[in-house]
Amino acid sequence: MGKYDMIDKFDLDTMTDEQTKKKQDYVIKNCKCPSCTTYVKGDNPVGYCFPRVGTSKKIQWEKDCLCETCPIYKEYDLNHTYYCTRCSEICQSLKIQVPEISG
Ligand code: SF4
Ligand code: SF4
């Protein structure tokens, strides 16, 4: 298993567009962000840990993060938090991995 496989927690590399869309819908459906104090009402879609969702256009202040209590977080063995402002799981992992690879 390569480094990329280990950080591609949602296994997107091996999935078709349709499968990716299905998984994204599943993540959004189970996401706890709408009940988080950091969340800004009306921001859509949630499921910020998922790579295709992207960061929030409305959230500016980090107050608290519920991700570690989310079923998706456990199911996919995620490692980061504040996906709404800091970018998706794989994006935050790459930010950490890059200095290691180039160093
Ligand atoms: S881990 Fe966080 S961003 Fe991802 S689905 Fe759960 S609450 Fe939402
Ligand atoms: S990613 Fe974390 S901090 Fe942001 S809205 Fe979701 S639970 Fe709250």
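Any read-out appearing in this document is the output of simple, stated calculations on the displayed coordinates, not a laboratory observation. Being a predicted model, the structure only gives us computed values, none of them experimental. As a convention, Cβ positions derive from the backbone with ideal geometry for all residues, glycine included, and neighbour counts pool all protein chains shown.
Taking the chain and the helices (runs of 4 or more DSSP H) fully enclosed by it, the elements with 3 or more residues that are of a type in the set (D, E) and either surrounded by 14 or more Cβ atoms within 10 Å (Cβ to Cβ) or more than 9 Å from the chain's Cα centre (by Cα) (or both) are at 17-30.
Scan region 25-59 for residues that are more than 9 Å from ligand 1 (Cβ to nearest atom) and within 18 Å of Q92 (Cβ to Cβ) and the total you get is 7. Scanning region 67-83 for residues that are near ligand 2 (Cβ under 8 Å from one of its atoms) and in contact with a Ser or Thr (Cβ under 7 Å, 6 or more places away or on another chain) turns up just one, C67.
Which of the residues that make up region 29-52 are of a type outside the set (F, W, Y) and more than 10 Å from ligand 2 (Cβ to nearest atom)? Quick ask: steps written out before the conclusion?
Just the residues of region 29-52 that are of a type outside the set (F, W, Y), to begin with: 29-38, 40-47, 49, 51-52.
The answer is K29, N30, K41, G42, N44, P45, P51, R52.
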